[in-house]
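Working notes, structure below.
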Amino acid sequence: MEWLESLTFIQRGVIAGVVIGFVSPILGAFLLVRRITIISEALSHITLTGIAAGIFMSQAIAFVSFLNPLYMGFLFSLIGSLLIEKLRQWYKHFEELAIPIILSTGVGLSAILMSASGSATTEWYNYLFGSIITVSLADLSFIIITALLAIAIMSFMYKEFLVISFDQEFASVSGVPVKRMNILFSVLIALVISMAMKVVGILLVGAMITLPVAASIQIAKSFRQILLLGIVFGQVSMIGGIISSYYLNVATGGMVVVVSILLLMLAMGIKKLQHA
Amino acid sequence: MGHRHQLTDSVIQVNHLSFKYTSQYVLEDITLHVRKGAFLGLVGPNGSGKSTLVKCLLGIQTPQQGDISLFGEPLKKFSGWDRIGYVSQKANSFNSGFPATVFEVVSMGLYGKIGLFRFLTKKHKQKVYEAIEKVEMSAYTNENIGNLSGGQQQRVFIARALVSDPDLLILDEPTVGVDVHSVQQFYTMLKQLNQEHGITLVLITHDIGAMTDYVTDVACLNKHLHFHGDTDTFTESENEMMSTLYGHDVHMLTHNHDHSACEVPTS
């Protein structure tokens, strides 16, 4: 991966953005049809806990100082994701409770770890709202590796995830290993969330996963079209957001969301015209 | 896959099955046999345990007592799930906002059979088109499932169950929310599948009247199995059978205030 090292910081940021803008809407499409897009909110906050823990540990314990806090973020995101799946089974009739439980746990623990580690507020600001200019070489390789893993899982398990989202009972009756697939799906969510947060920021990861597909479902006629249009919208939001945030010197995540919202409004307009 | 048992005549064999969710039994001492080529109507009032029995057959629920064999093989060892097609009460399980085309929905019926890491081949796609053709929905192949009427959606779900060439098709209240005219067409289509394609059918319904014109066998369920035999015997003793059914369970019915469960359609 020598070519990675020769990149300028802005090139690294743009590549990271393009990768995230490609993978997030695909996951978003599956979350959308399962009606659990809100899960991304809970997991992004628990990812923050992991990152805070990673930063805290790298300060406190010398031999882990080389470790990129994003890996800790992924680990926490994964634990959170599996916990949500468990909580949803425990609260069978109140499945949505899993989200606030994990979300508040994440925020609470993050607050403790952040105050204990005493890092500069600008560093936290970058984690919360995203920044492309701080995408380091290590961050970029993390993003590329996790993205490749996520793409591999999604393409090999595409039909299993699809049938489970559509009709879980039918899936299990027709011989799809639903339980194992759901665990793998949890891993997938954790991968994508921890991957996306560096550029768009913890508070806005959910937006990148949800908004492109919220726009594409307005005009898509099949699941395939939701995916394809979602990716297109994701790319436009990402690239548009990065470029505008760079020139306006504002938070990248914020501009990405603004572009996504504009696309969403455009999609709604198109739908209106189609039905007029 | 159990294909060495293919010659046995028994498709479903249930012996002394009892099942409870909590403390009270919803199914008690059920013994039921479905032979190859039969079209069984499994009837009973709401809450009689029909759907639970099906869930036991499909291995979704495990009974406390008794045993089940599918195609001559004990359920625990049974692995030929691709031989069984299942159409559920659509309102309960299908995600109605799902933006999938008829083609996408029907191809889902093949996913379990194809297995992991594989994709639809040309041959699979051909099968999907054939299944859609069998239920006379070819004109709607690329239509969004959400835009279809209740009866049309149910045809699509039948196609999804048929696409893997099942030997047994289980339908749980497939006509709920479907208008009367479509229901008759629907039953006629099932009869064809049974007679022309030789598929063994189990139809679960609380609508006794319409069904008796189409099925070969009837089983009456209300916690216990009250009748199990061919349709002619059932029609002869239908009135008697119904009073037995209600007589036995008057306490339960009044408890539920569920009078609809007592009505026997006169048609």
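The values are calculated or read from the model by the stated rules, or taken from the named source; none is laboratory data. Note that the structure is a prediction, hence the values are computed from the model and not measured. We place every Cβ from the backbone using ideal geometry, glycine too, and count neighbours over all the protein chains shown. For the accessible areas, the whole protein counts, side chains as well, though only heavy atoms, and no ligand, DNA or RNA atoms are used. Shrake-Rupley method; radii C 1.70, N 1.55, O 1.52, S 1.80 Å.
For the pair the stretch B:92-165 / the stretch A:196-271, the C-alpha centres are spaced 31 Å from each other.
The HN-Hα couplings worked out from phi for the stretch B:179-189 by the Karplus form 6.51 cos²θ - 1.76 cosθ + 1.60 (θ = phi - 60°) are 5, 3, 4, 5, 4, 5, 4, 5, 5, 4, 5 Hz, whole numbers, x standing for Gly and Pro.
Accessible surface ranking for A:Lys92, B:Lys191, A:Lys86, B:Lys50, 1.4 angstrom probe, highest first: A:Lys92, A:Lys86, B:Lys191, B:Lys50. The residues B:Phe186, A:Phe156, sorted by heavy-atom accessible surface at 1.4 Å with ligands and nucleic acids left out, run A:Phe156, B:Phe186 from largest to smallest. Using C-alpha pairs under 8 Å with a sequence gap of at least 6, the mean separation divided by the residue count of chain A gives a relative contact order of 29 percent. Residues of the stretch A:156-182 whose accessible area, computed with a 1.4 Å probe over protein heavy atoms, drops by at least 40 Å² once all protein chains are present relative to their chain alone are A:Phe156, A:Lys159, A:Leu162, A:Phe166, A:Asp167, A:Glu169, A:Phe170, A:Val173, A:Ser174. Classification of the stretch A:2-201 by its C-alpha gyration tensor yields an oblate form. The axis ratio a/c (a ≥ b ≥ c) is 1.5 or more, and b/c is at least a/b. With all protein chains in place and ligands, DNA and RNA left out, the 1.4 Å accessible area ranks A:Trp124, A:Trp90, A:Trp3, B:Trp81 as A:Trp90, A:Trp3, B:Trp81, A:Trp124, largest first.
I need the helices of chain A that pass two filters: whole DSSP H segments spanning 20 Å or more by Cα along the axis, and mean Kyte-Doolittle score no lower than -0.5.
Flagged H segments are A:9-33, A:39-60, A:69-90, A:98-117, A:137-156, A:178-200, A:205-219, A:223-248, A:252-275.
Shown for the protein assembly as shown: the carbon plus sulfur share of the solvent-accessible area, taken with all protein chains present and a 1.4 angstrom probe, equals 60%. Taking the DSSP beta bridges with both ends in the protein assembly as shown, the antiparallel portion is around 55 percent. Of the whole protein surface, A:Tyr91 contributes about 90 Å² of accessible area at a 1.4 Å probe radius.
Excluding A:Lys221 itself, what net charge comes from residues whose Cβ is under 11 Å from its Cβ, given Lys and Arg +1 and Asp and Glu -1? Charge balance in the 11 Å sphere: -1.
From the alpha carbon centroid of the stretch A:146-176 to that of the stretch A:1-62 is 22 Å. Annotated for the stretch A:2-201: lysine pairs at least 8 residues apart or interchain, Cα distance under 24 Å, count 4.
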